[in-house]
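J.: Sharing a structure, written as structure tokens. Questions coming.
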Amino acid sequence: MSLLRSYKMTVDSGFAPNYDFGVLTLATCKPYIREVAKVGEWIAGFSSKTLDGSEIGKEKLIYLAKITKRLTFAEYWESYPQKRPDATNTQGDNIYEPSADEPQGFKVFPNKNHPSNGEAGSDCSHNNAGCQSHDDDKTHDLKSLFVLVCEEFYYFGPKNALSIPENIRPNLPERQTCYGEITEAEDVQNFIDYVKANKEKCKVYNKG
């Protein structure tokens, strides 16, 4: 039986979630969802007024993913080195390197999605408009020490977001929420089946 947790996305740069290397990961942003979501649950990101002008009730699906692993940041660092950002993988989300000398036990691995300390900028977009530095984003992200790993996922993206028929739309919060909105098992399977039936419209997907 499936449980789905849905939320609205305000930014989709390929960083959070990150869908590279055959696995979709949520390693930054959404700390409260990362803290409570469990292996076996599904997570869905929908469009929003901020992301693409979607009105309430007209949001489209950006991605759907099934959580197959729930790793600590330390475990993620060691298990997915390919997800660390570099010159060829600028959106890599494996950015928290364990370090006993750093506050909270991690240092920020160099990446384009955090501005330098004290310099606000548009790259500081996976968190919120008020962040000013690596430290602001780091404090936000590390409210949960878990990374969600999804080996089965269907990523459509904003330009190719999937419209969902009204009769199978899952529950979705009207506004931004910390924990997302739950749709119980008996009400979600038709939605999941519909997404799978439209997987050819995805920008990228992996059936697990």
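The values are calculated or read from the model by the stated rules, or taken from the named source; none is laboratory data. Keep in mind that what you see is a predicted model, and the values were worked out from it rather than measured. When we count neighbours, we look across all protein chains shown, and the Cβ atoms used for this are built from the backbone with ideal geometry, even at glycine. Ligands, DNA and RNA are excluded from the accessible area calculation, which covers all protein heavy atoms including side chains. Shrake-Rupley method; radii C 1.70, N 1.55, O 1.52, S 1.80 Å.
J.: Can you bin every Cα-Cα distance in the range 133-193 into 5 Å intervals starting at zero and give me the percent of pairs per bin, rounded to whole numbers?
T.: It works out to 3, 11, 13, 20, 23, 13, 9, 4, 1, in whole percents.
J.: Under unit Cβ charges (Lys, Arg +1; Asp, Glu -1), what dipole magnitude, rounded to 20 debye, does the chain have relative to its Cα centre?
T.: Values: 25 positive and 30 negative charges, 101 e Å.
Dipole of the chain, to the nearest 20 debye: 480 debye.
J.: Calculate the translational D of the chain in whole µm² s⁻¹ from Stokes-Einstein, where the hydrodynamic radius comes from the Kirkwood formula applied to all Cα pairs, the temperature is 37 °C and the viscosity 0.692 mPa s.
T.: Numbers: Rh = 17.2 Å.
Calculated translational D: 190 µm²/s.
J.: Let me ask something else about it. Counting other Cβ atoms within 10 Å, which trypsin sites (Lys or Arg not before Pro) in the range 1-46 have at most 16 and lie in a DSSP loop?
T.: Working: sites: 5, 8, 34, 38; in loops: 38.
Passing both the DSSP loop test and the Cβ count: 38.
J.: For the full complex of protein chains and a 1.4 angstrom probe, list 114, 140 by accessible area with the highest value first. Kindly include the intermediate steps, with their values, before the conclusion.
T.: Details: 114 10, 140 40 Å².
So, going from the largest accessible area down, we get 140, 114.
J.: Moving on. Say R0 is 30 Å: what FRET efficiency, to the nearest 0.05, do residue 198 and residue 142 get from their beta-carbon distance? Don't skip to the end; give the middle numbers.
T.: On the way: r = 36 Å, r/R0 = 1.19.
That gives a FRET efficiency of 0.25.
J.: Another question, then. Rounded to a whole number, what is D in µm²/s for the range 72-118 from Stokes-Einstein with the Kirkwood radius over alpha-carbon pairs (37 °C, 0.692 mPa s)?
T.: Details: Rh = 11.1 Å.
After rounding, the answer is 295 µm²/s.
J.: Just the projected area, averaged over all directions, of the convex hull on the alpha carbon atoms of the range 32-79: how many nm²?
T.: Working: hull surface 17.9 nm².
Across all orientations, the range 32-79 yields a mean hull projection of 4.5 nm².
J.: With everything on Cα atoms, drop me the angle between helix 185-197 and the longest principal axis of the chain, reported from 0 to 90° to the nearest 10.
T.: 90 degrees
J.: Run the numbers for residue 97 and residue 190: contour at 0.36 nm per residue of separation, minus the present Cα-Cα distance, in nm. Please report the intermediate quantities before stating the final value.
T.: Details: separation 93, 0.36 × 93 = 33.48 nm, distance 3.99 nm.
Contour length minus Cα-Cα distance gives 29.5 nm.
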